[in-house]
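Following: one structure in structure tokens, then a few remarks.
Quick note: the coordinates plus some simple rules give every number you see, no bench work behind them. None of the values given here were measured: they were computed from a predicted structure. Using ideal geometry, Cβ is built from the backbone for each residue, glycine included, and neighbour counts are taken over all protein chains shown.
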Amino acid sequence: QVQLHESGPGLVKPSQTLSLTCTVSGGSINSGNYQWDWIRQPAGKGLEWIGRIHKGGSTTYNPSLKSRVTMSIDTSKNHFSLDLRTVTAADTAVYYCAREVAPTGLDWVFDYWGQGSLVTVTS
Amino acid sequence: IQMTQSPSSLSASVGDRVTITCRASQHISMYLNWYQQKVGKAPKVLIYGASSLQSGVPSRFSGSGSGTDFTLTISSLQPEDFATYYCQQSYSTPWTFGQGTKVEIK
């Protein structure tokens with residue numbers, strides 16, 4: 001059973017960088033044709049896709065955040081990471097990591113999720 | 001691509017048939033997924049490709065539609081189904097979600 005677990009600081013000061021890591025267990029991040037994603041959810045609100053990274057390192061970011069986001073992957077440690085720069089209070093949210101799979105080759109879906117990590121931007 | 005769900009919330013009783021709709025701002029073929037989210041938990045996929053049931057999901061959940069209009073149906077609502085439901089398009093990045101439909105106990 002694949003499991004994902006987010007880790008990182010729960011508090012970040014405005015203008016600083018939010019950094020999170022997602023550790024994958026129960027399977028290799030380097031196997032299969034998966035994308036590894038970050039999604040966030042402000043309290044009481046909906047879901048916003050941040051971006052994804054493939055095992056080979058190729059990335060796709062949401063244009064709304066692209067100028068501030070960097071994702072990386074470390075297959076030797078079986079984890080991937082998110083950096084979000086120059087944060088403001090609007091970046092306060094629960095951040096989820098998720099695995100993305102294409103069951104029939106074209107229709108991508110998030111099939112495994114982490115439990116979520118609350119990050120609060122506050123001075 | 002903007003995804004719009006209706007209603008935003010609904011009240012229903014155990015045993016009721018419940019239908020949630022999702023409309024895309026442009027054609028997305030059948031690249032539409034449905035998720036269930038309970039309070040304090042991560043979303044869980046129910047339906048992918050508009051109508052394919054994810055392994056392990058009860059058969060009372062079904063999805064239909066193509067193009068721009070989609071529905072999620074719960075044939076007989078169970079106590080564990082009270083949650084918020086989200087649609088998500090996987091036609092083109094950036095992936096986008098509907099605003100959610102909260103299903104509450106009547």
Using the structure shown, decide if B:Pro43 is within 11 Å of chain A (Cβ to nearest Cβ), closer than 24 Å to A:Val94 by Cα and surrounded by fewer than 19 Cβ atoms within 10 Å (Cβ to Cβ).
-> no
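Scan the stretch B:59-81 for residues that are among the basic types (Lys, Arg) and assigned to a helix (DSSP H, G or I) and report the count. Walk me through how you get there before you give the answer.
Pass one, the stretch B:59-81, residues among the basic types (Lys, Arg): B:60.
If we keep only those that are assigned to a helix (DSSP H, G or I) too, we end up with none.
Here the count works out to 0.
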Can you name the residue in the stretch A:99-123 that is of a type in the set (A, V, I, L, M) and more than 14 Å from the chain's Cα centre (by Cα) and is also surrounded by the fewest Cβ atoms within 10 Å (Cβ to Cβ) among such residues?
-> A:Leu106
Count of the stretch B:40-49 residues which are touching a residue at least 12 places away in the same chain (Cβ under 8 Å) and more than 11 Å from A:Val109 (Cα to Cα) = 1
With the stretch A:36-106 as the region, which strands (runs of 3 or more DSSP E) entirely inside it contain at least 3 residues that are free of Cβ contacts under 8 Å to residues at least 24 places away in the same chain and away from every other protein chain (no Cβ under 14 Å)?
-> A:69-74
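Criterion first (surrounded by 22 or more Cβ atoms within 10 Å (Cβ to Cβ) and under 20 Å from B:Tyr35 (Cβ atoms)) does A:Ile50 satisfy it?
On the way: surrounded by 22 or more Cβ atoms within 10 Å (Cβ to Cβ): yes; under 20 Å from B:Tyr35 (Cβ atoms): yes.
In short, yes.
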Has the stretch B:85-94 got at least one residue that is more than 14 Å from every other protein chain (Cβ to nearest Cβ) and closer than 20 Å to B:Ala42 by Cβ?
-> no
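Collect the residues in the stretch B:20-37 that are within 12 Å of another protein chain (Cβ to nearest Cβ), part of a loop (DSSP other than H, G, I, E, B) and without any contact (Cβ under 8 Å) to a residue 60 or more places away in the chain, keeping them in residue-number order. Write out each step before concluding.
Residues of the stretch B:20-37 that are within 12 Å of another protein chain (Cβ to nearest Cβ), as a first pass: B:28-37.
Those left that are additionally part of a loop (DSSP other than H, G, I, E, B): B:28-31.
Across the stretch B:20-37, the qualifying residue is only B:Met30.
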Which listed residue is polar (S, T, N, Q) and touching a Phe, Trp or Tyr at 6+ places or on another chain (Cβ under 9 Å), from B:Thr19, B:Thr4, B:Thr68, B:Thr73 = B:Thr73
Somewhere in the stretch A:2-22, is a residue more than 26 Å from B:Lys102 (Cα to Cα), polar (S, T, N, Q) and either crowded, with 21+ Cβ neighbours inside 10 Å or free of Cβ contacts under 8 Å to residues at least 24 places away in the same chain (or both)?
-> no
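With respect to B:Gly67, determine if the residue is more than 9 Å from chain A (Cβ to nearest Cβ), surrounded by fewer than 16 Cβ atoms within 10 Å (Cβ to Cβ) and closer than 19 Å to A:Tyr112 by Cβ. Write out each step before concluding.
Values: more than 9 Å from chain A (Cβ to nearest Cβ): yes; surrounded by fewer than 16 Cβ atoms within 10 Å (Cβ to Cβ): yes; closer than 19 Å to A:Tyr112 by Cβ: no.
No: the conditions fail for B:Gly67.
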Can you pull out the residues in the stretch A:107-119 that are more than 9 Å from chain B (Cβ to nearest Cβ) and β-branched (Val, Ile, Thr)?
-> A:Val119
